[in-house]
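The values are calculated or read from the model by the stated rules, or taken from the named source; none is laboratory data. Because the structure is predicted, anything quoted here is derived from the model rather than measured. Cβ placement follows ideal geometry from the backbone for every residue including glycine, while neighbour counts extend to all protein chains displayed. Surface accessibility is based on the protein's heavy atoms, side chains included, excluding ligands, DNA and RNA. Shrake-Rupley method; radii C 1.70, N 1.55, O 1.52, S 1.80 Å.
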Amino acid sequence: MKALVINGPNLNMLGIREPGIYGSDNYETLVQICQDAADELGFDGIEVFQSNHEGAIVDRIQEAYGSIDGIVINPAAYTHTSVAILDALKAVAIPSVEVHISAVEEREDFRQVSYAGMACFARVTGEGLSGYARALEILASHLKEKQASI
Ligand code: DQA
């Protein structure tokens, strides 16, 4: 059971970026939270990927085909604009969970559309960085259920 966590633009600026919204923990802490959660949940491996470039995110999703069992994705600003990321997730059809650090549903109107979310079976918002651990937990249960039904 291998997981891939994908983070979009500006998430590498965690800790510096709008701490009132995203908190004061940095990106390294986010990576550590994902690695600890993956160990605890029994994943055989986890990669935590970040890019500020839409095409690089599309490339990483495509490369996951055949080698990754589940994806946790925070497309950041691309959540609200990227049909290309939605199409990539649909193309590989890897079970995916959408995560957002902030409660996007309580923010501006332009954040109310989520393209990537249309290809995800679950969504975690507003739980800060621990939302990634929650998203991995949801993913692990889904993958275990799927495995048991084969
Ligand atoms: C975000 C919410 C997005 O609207 C925003 O553009 C981000 C971060 C979040 O994790 O809360 O960059 O995805």
Which of 43, 125, 142 sits closest to the plus end of the dipole of the chain, meaning its Cα is farthest towards the positive end, when Lys and Arg get +1 and Asp and Glu get -1 on the C-beta?
142
With a 10 Å cut-off between alpha carbons and a GNM built on the chain, which of 91, 116, 140 moves the most?
91
Amide H neighbours of residue 125 at under 5 Å, excluding residues fewer than 5 places away on the same chain, with H built from the backbone geometry, are 100
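Residues with beta-carbon under 15 Å from that of residue 4, excluding residue 4: net charge, scoring Lys, Arg +1 and Asp, Glu -1?
Working: positive: 2, 60; negative: 44, 47, 59, 63, 69, 98.
Residues close to residue 4 contribute a combined charge of -4.
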Accessible surface, per residue, of the chain when the full set of protein chains is kept, probe 1.4 Å, Å²
48
Using a Gaussian network model on the chain with a 10 Å cutoff between Cα atoms, which of 63, 108, 98 fluctuates the most?
108
